[in-house]
1. Look through the stretch 300-323, keep the residues that are of a type in the set (Gly, Ala, Ser), modelled with pLDDT of 90 or more and farther than 11 Å from residue 344 by Cβ, and return whichever of them is surrounded by the fewest Cβ atoms within 10 Å (Cβ to Cβ).
2. Go over the candidates 421, 471, 429 one by one and state the one that is within 30 Å of residue 13 (Cα to Cα) and not assigned by TED's automatic domain parsing to the domain that holds residue 245.
3. Name the single residue that is surrounded by the most Cβ atoms within 10 Å (Cβ to Cβ) among those in the stretch 45-78 being free of Cβ contacts under 8 Å to residues at least 60 places away in the same chain and within 16 Å of residue 179 (Cβ to Cβ).
4. Out of the stretch 553-587, which residues are of a type in the set (Asp, Glu) and over 15 Å from residue 527 (Cβ atoms)?
5. Restricting to the stretch 545-571, name every residue that is exposed (fewer than 15 other Cβ atoms within 10 Å of the Cβ) and either farther than 23 Å from residue 639 by Cβ or of a type in the set (A, V, I, L, M, F, W, C) (or both).
6. Could you list all residues from the stretch 381-406 that are closer than 15 Å to residue 290 by Cβ and outside any strand (DSSP E or B)?
7. Do we have residue 56 as part of a loop (DSSP other than H, G, I, E, B), hydrophobic (A, V, I, L, M, F, W, C) and assigned by TED's automatic domain parsing to the domain that holds residue 196 here?
8. Of everything in the stretch 170-195, what is surrounded by 14 or more Cβ atoms within 10 Å (Cβ to Cβ) and among the polar types (S, T, N, Q)? Give them in sequence order.
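The values are calculated or read from the model by the stated rules, or taken from the named source; none is laboratory data. Remember, it's a predicted structure, so these values are computed and weren't measured experimentally. We place every Cβ from the backbone using ideal geometry, glycine too, and count neighbours over all the protein chains shown.
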Amino acid sequence: MVYSDPAVTQSETLPQVLLARALSEPSGLAERHKRLGIWREFTWANVLERVRALALGLESKGLKAGDSVMMIGENEPEHFWAEYAVQSLGGKVLSVYPDQTAEEILYLAQDSQTRVFLAQDQEQVDKCLEVADEYDGAIAIVYWDGSGLWGYDHPLLDSFESVSDAGRQIHDSDPTRFEEHVKRGKAEDTALLSYTSGTTGKPKGVVISYRYLFDNCSRVMGAIDIAPGTEYLTYISPAWVTEQIFGLSIGLIAPMVVNFPEGPEDVLTNIRELAVDALVFSPRQWENLASIVQARMLGAGKVRNAMYDWGMKVGRAVHVERLEGRSPSLAARLQLPLAEALVLHHLRDNLGLGKARNALSGGALMAPDVFRMFHAMGVKLRNVYGATEIGLLTAHVGDSYQLETSGSWMPSNTAYGEPLEYRVSPEGELQVRGGSGFGGYHGKPDKSAEVLTDDGWYETGDAVSMTNDGELLFFDRVKDMRRLANGHSYPPQFIETRLRYSPFIKDLMTLGDETRDFVSALINIDMEVLGRWAEENKISFSTYTDLSQKPEILDLIKGEVARINTLLPEGSRVARFANFPKELDPDEGELTRSRKLRRAFLEERYEKLVQAIYDGKAETDLEIAVTYQDGRQGVLKATVRVSDVENASKAAGRQSQT
């Protein structure tokens, strides 16, 4: 897409776009936030005033161009205002996940040379104060929610409002100071540092320029129709570069009306109230929505279930048929209006997706069945794919696309660099160059060089192939592709997305390498769904551990795995499985903060269970070190059962013999 809006074409940075919006349409609606049950609206003039006040206040604290500022909190207007304020001064932003530990924050602060912490509330302030005891590079800790902080006394601590009030006084005495800062910004300036998840080592800060952000907004808006005034729900964390592109950048550039939920636990309610036009969720969040629907139907009566099954059958016969390039039957088309009135319309409204023209999933693979489920409802869910280092690359476009793929290549705007090119290496790895390019890892030139070829191709590390229609088929990370002892190669993540679609399975990890003869799995059950299922079926249980090992639960999970196995090639089917005896926890290193599995750590932590699976044992005793919510350390002792999946082990045996 080539921009035509003067607010964008005459700007090189996001603060410059914000300033232009506030000058050209000061009363235009920019943001909306629900606080204490009331929706508050902010115009462009409101947003600019708050950004300007905070920026000048931070400058009075000693913040200078080139300094790093860490944001730690949920998606709230203050989080966005603080980012724009820092960028207005020429500073660079790094947003981190709200549940990151003080130890993780200390590493990020040291790596980025953070000068100021912008923290949401008491919980985040406590972490920052703990970090400040070991890190002497900070000049201020600024919080925007003072609940519980009235007794705190620390030389670095100050409130968002106090800093902003100081900035307002500066503006009153020097009205052009802020604009002068903003006008100095250039497209090549660093806007933010976006840290990788750290699945294979310490997180690395990807240097993101304004050129990168404008380039990626152009790609997205060239592939997906985002009209000015689009109502957008911000939910995914700004720690993920995708939200930096959508909420913080396209929010200004399109522009969109950015809606902030009251809190993470209120998202479903707020979505229903807003019925937004556009939203981006991670695959896990879409899968959770699908599981909510399925779980609710478990407790519905026979009549309601029959109505639901009929409505979804009609939706699939029309919407999914069209999606997959086929013509729906006349009978299905005639039934659709009634199915809409009785079932589908209500399903979409209950999920807050009644007006969602742009429903997007990004970040990892998702089971095609989840896509089909939402399309059957009438929600045109689409995939977007990319890498933090090089940006968003592909998306599902048009009315017909292949659900197994990550979509077609987005058009690139040559105003921001050479046209995007891609190639697939002999090892099956996707390599990309062009566009705004890869800005490197902050302070790590050696790590940057490792992922660039001599002729400038960025090595994504993703195992892919291209379909005949030019759509990208993502399998897994190249390093995560596995080969069994019989030579059969399989993609663990590709399998896991299909198994994770089950409402009873919250997460799982496939097992199997060159020393193993078959694929197996360790499964993290969904306690909420299965707890309700157990109660309805009069199965008593006490703890997560107890529930996970119940024979009835194991049989239920076995049926789910066997059903999914029918969709897989024989050599890739799960032959044996065991349920984790505890919920996977990022605080214990089992998951990253973005809820990705730490596979190597899990295999080491549950080594005895893995060995029992491949030794053919029916059960094994485990002792696992755990950390309780109050910080106490303990040991979980459990007998974990191993289950064979009917027919799957036979299939694996046949594969091993060939």
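1. To start, the set of residues in the stretch 300-323 that are of a type in the set (Gly, Ala, Ser) comprises 300-301, 306, 311, 315, 317.
Retained after the next criterion (residues that are modelled with pLDDT of 90 or more): 306, 311, 315, 317.
Going one step further and asking which of them are farther than 11 Å from residue 344 by Cβ, we end up with 306, 317.
On the way: 306: 11, 317: 20.
Filtering the stretch 300-323 for residues that are of a type in the set (Gly, Ala, Ser), modelled with pLDDT of 90 or more and farther than 11 Å from residue 344 by Cβ, the one surrounded by the fewest Cβ atoms within 10 Å (Cβ to Cβ) comes out as 306.
2. On the way: 471 fails: within 30 Å of residue 13 (Cα to Cα); 429 fails: within 30 Å of residue 13 (Cα to Cα).
From the options 421, 471, 429, the qualifying one is 421.
3. It comes out as 51.
4. As a first pass, look at the stretch 553-587 and keep what is of a type in the set (Asp, Glu): 555, 560, 570, 583, 585, 587.
If the condition is that a residue be of a type in the set (Asp, Glu) and over 15 Å from residue 527 (Cβ atoms), then 555, 560, 570, 587 are the ones that fit.
5. 563, 566, 567, 569
6. Within the stretch 381-406, just 403 meets the criteria.
7. Working: part of a loop (DSSP other than H, G, I, E, B): no; hydrophobic (A, V, I, L, M, F, W, C): yes; assigned by TED's automatic domain parsing to the domain that holds residue 196: yes.
When the stated conditions are applied, residue 56 does not pass them.
8. Residues satisfying the conditions are 190, 194.
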